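A.B. asks: Have a look at this one before I ask anything.
The values are calculated or read from the model by the stated rules, or taken from the named source; none is laboratory data. No experiment lies behind these values; they were computed from the predicted model shown. Cβ placement follows ideal geometry from the backbone for every residue including glycine, while neighbour counts extend to all protein chains displayed. Each accessible area value is taken on the protein alone, full model and side chains, heavy atoms only, with ligands, DNA and RNA left out. Shrake-Rupley method; radii C 1.70, N 1.55, O 1.52, S 1.80 Å.
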Amino acid sequence: MSTTLHWGIIGPGRIAHKFADALAYCDHNQLVAVASRSQQNADAFASRWQLAHAYDDEAALLANPQVQAVYIATPHNYHYPAAMRALKAGKHVLIEKPACVNAAQFARLCELAEQHDCMLMEAVWSRFLPYVAQAKQWLADKRIGEVQSIQSSIGIAFEHGPEHRINNKALAGGAMLDLGVYALSLSQFMLGQSHTAIQALGKLSADGVDESVMATVQYSGGQLAQFATSIVSQQQNALHVYGSEGTITLEPRFWSGSQVSLQRGDDIQTLTLPWAHNGFEYQIEDMARCILVGKRQSDVVPHRDTLAVLTQMDEVRRQIGLYYGDEFEKV
Ligand SMILES: NC(=O)c1ccc[n+]([C@@H]2O[C@H](COP(=O)([O-])OP(=O)(O)OC[C@H]3O[C@@H](n4cnc5c(N)ncnc54)[C@H](OP(=O)(O)O)[C@@H]3O)[C@@H](O)[C@H]2O)c1
């Protein structure tokens with residue numbers, strides 16, 4: 001088997017360019033194909049990244065035997081159907097966050113991944129970043145004693161119009177799936193436990209997506225994680241882990257930063273740990289490494305974590321009254 005993993009991209013939008021840029025940086029990984037809904041977009045993307053294959057049809061990309069792994073970067077409600085087709089075609093799959101609209105859909109993808117012997121991972125790139133690894137190490141070393149709670153906020157006052165996917169219910173927009181997913185995923189990553197209870201309140205937009213949500217999750221060890229997320233307010237965007245002997249803080253932009261601090265009493269140690277490239281390289285390298293050694297799940301973003309976070313988001317949405325409709329929620 002070749003040690004170079006050949007990739008295709010489905011959904012050549014904004015984030016797909018960042019992914020292609022990271023792929024170009026990674027050894028043993030090569031982007032060879034792109035699929036768009038239009039040949040013009042596919043050609044423009046392929047020309048920018050010098051790709052051999054540009055398709056106006058996802059099925060053509062999936063039929064290309066050179067493509068071993070696909071990165072799915074479409075709007076949220078198109079992740080599940082595209083991933084299903086990719087797994088059935090025998091491709092390894094990396095899906096942008098949130099992996100699916102709901103937990104039942106991701107559970108189905110896990111079954112398909114097993115049936116077709118494919119790697120499946122949600123692209124929660126933040127979990128791989130060096131400052132997050134540092135925070136995990138401090139937690140493992142008990143530098144803040146026993147963890148009691150986590151507080152985080154992730155809010156950006158976007159200026160997009162109503163048609164933009166973030167504001168658009170028909171593209172499974174809203175704060176929870178787009179931004180809140182990071183608060184839940186990183187809180188879970190820090191605690192390493194399953195949740196036992198959730199309480200949430202939210203405000204829906206005129207279009208029916210969640211503009212703002214505040215929620216508290218309780219975990220099996222009794223710890224609490226409280227978060228706020230919004231697409232209409234600029235928030236502090238920090239994540240604090242509170243322990244019996246101190247606090248670990250990730251800020252600014254706790255999901256995409258490089259700075260982490262440890263506070264014990266009046267003593268504060270702050271480290272800046274930059275990314276090797278644009279931050280996406282770590283998840284790509286992890287995926288390629290797993291595939292090379294025959295692993296089908298990442299230790300950093302295992303299926304159970306993605307399932308747990310989607311289950312939590314299902315419950316938050318149930319409590320705030322946000323359902324995307326049978327067409328997008330069906331399995
Ligand atoms: N990891 C991160 O830091 C990060 C940051 C931003 C976004 N994301 C995630 O990445 C995904 C894509 O976000 P994005 O900001 O890149 O979105 P985007 O710029 O709107 O790109 C999405 C692409 O999907 C394709 N697409 C397929 N079906 C579509 C449909 N029905 N409507 C609209 N576009 C459709 C479009 O390409 P064609 O028209 O060429 O088919 C479009 O360019 C989302 O899951 C988002 O949450 C991740």
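A.B. asks: Quick check on my link table: of Lys88/Lys295; Lys97/Lys330; Lys295/Lys330, which ones sit more than 25 Å apart, alpha carbon to alpha carbon?
C.D. replies: In this structure, Lys295/Lys330 exceed 25 Å between Cα atoms.
A.B. asks: List the relative contact order of the chain as a percent without decimals, with contacts defined as Cα pairs under 8 Å and 6+ residues apart.
C.D. replies: Reported as a whole number, the value is 19 percent.
A.B. asks: Starting from the Kirkwood radius over alpha-carbon pairs of segment 162-311, derive D by Stokes-Einstein at 37 °C in a medium of 0.692 mPa s and give it in µm² s⁻¹.
C.D. replies: 189
A.B. asks: I'm a student and want to see the number: the projected area of the Cα convex hull of the chain, averaged over all directions, in nm². Display every interim value, and only then the final one.
C.D. replies: Numbers: hull surface 64.7 nm².
Its average projected convex-hull area is 16.2 nm².
A.B. asks: For Ile9, list long-range residues whose amide hydrogen, built 1.01 Å from N in the peptide plane, is under 5 Å from its own amide hydrogen.
C.D. replies: HN-HN under 5 Å from Ile9: Ala33, Val34, Ala35, Tyr71.
A.B. asks: Still on this model: Which one, Gln105, Tyr324, Tyr55, projects farthest toward the positive side of the charge dipole computed for the chain from Cβ point charges (K/R +1, D/E -1)?
C.D. replies: My answer, from the dipole projection, is Gln105.
A.B. asks: I've got another one for you. Can you send over the solvent-accessible area of Lys295, 1.4 Å probe, protein chains only, in Å² to the nearest 10?
C.D. replies: The accessible area comes out at roughly 70 Å².
A.B. asks: So, one more: Which of rounded, prolate or oblate describes segment 161-239 when judged by the alpha-carbon gyration tensor and an a/c cut-off of 1.5?
C.D. replies: Values: a/c = 2.34, a/b = 2.17, b/c = 1.08.
Prolate.
A.B. asks: Return one number: the angle in degrees, 0 to 90 and rounded to the nearest 10, between the long axis of the Cα atoms of helix 39-49 and the longest principal axis of the Cα atoms of the chain.
C.D. replies: 70
A.B. asks: Let me ask you something else. Angle between the Cα long axis of helix 14-25 and the longest principal axis of the chain, 0 to 90 degrees, nearest 10?
C.D. replies: 80
A.B. asks: Turning to a different aspect of this structure: Relative contact order of segment 130-274: what whole-number percent is it, with Cα pairs under 8 angstrom and at least 6 residues apart?
C.D. replies: 32
A.B. asks: So, one more: Share of antiparallel DSSP beta bridges in the chain, in percent to the nearest 5?
C.D. replies: Values: 35 of 62 bridges.
If I count the DSSP bridges inside the chain, around 55 percent turn out antiparallel.
A.B. asks: Show me the ranking of peptides 301-307, 195-201, 92-98 by mean Cβ neighbours inside 10 Å, starting with the highest.
C.D. replies: Top to bottom by mean Cβ count within 10 Å: 92-98, 301-307, 195-201.
A.B. asks: Counting only protein chains, not ligands or nucleic acids, how are Ile284, Ile156 ordered by accessible area (probe 1.4 Å), most first?
C.D. replies: From most accessible down to least: Ile156, Ile284.
A.B. asks: Rounded if a/c is under 1.5, else prolate if a/b beats b/c, else oblate: with a ≥ b ≥ c from the C-alpha gyration tensor eigenvalues square-rooted, which is segment 208-275?
C.D. replies: Working: a/c = 2.58, a/b = 1.33, b/c = 1.94.
Oblate, because a/c is 1.5 or more while a/b does not exceed b/c.
A.B. asks: Let me ask something else. In deg cm²/dmol, rounded to 500, what helix-only [θ] at 222 nm does the chain give when every DSSP H run of at least 4 residues adds -39500 (n - 2.57) and the total is split over its residues?
C.D. replies: Rounded to the nearest 500, it is -10000 deg cm²/dmol.
A.B. asks: In addition: Using protein chains only and a probe of 1.4 angstrom, how many square angstrom of Ser220 are accessible, to the nearest 10?
C.D. replies: Approximately 70 Å² of Ser220 is accessible to the 1.4 Å probe.
A.B. asks: Ordering Arg289, Arg14 by accessible area with a probe of 1.4 Å, largest first, what comes out? Walk me through the numbers before you get to the answer.
C.D. replies: On the way: Arg289 135, Arg14 195 Å².
Result, largest first: Arg14, Arg289.
A.B. asks: Accessible area of Met84, 1.4 Å probe, to the nearest 10 Å²?
C.D. replies: Its accessible surface works out to 40 Å², give or take rounding.
A.B. asks: Right, next: Which of the chymotrypsin sites (Phe, Trp or Tyr not before Pro) found in segment 7-104 are loop residues per DSSP with 11 or fewer other Cβ atoms within 10 Å of their Cβ?
C.D. replies: Taking segment 7-104 and a limit of 11 other Cβ atoms within 10 Å, no loop chymotrypsin sites (Phe, Trp or Tyr not before Pro) are found.
A.B. asks: Next question. In terms of the Cα gyration tensor, with a ≥ b ≥ c the square roots of its eigenvalues, is segment 57-152 rounded because a/c is under 1.5, prolate because a/b exceeds b/c, or oblate?
C.D. replies: prolate
A.B. asks: If you don't mind, another one. For segment 130-274, what proportion of DSSP beta bridges, expressed in % and rounded to the nearest 5, is antiparallel?
C.D. replies: 85
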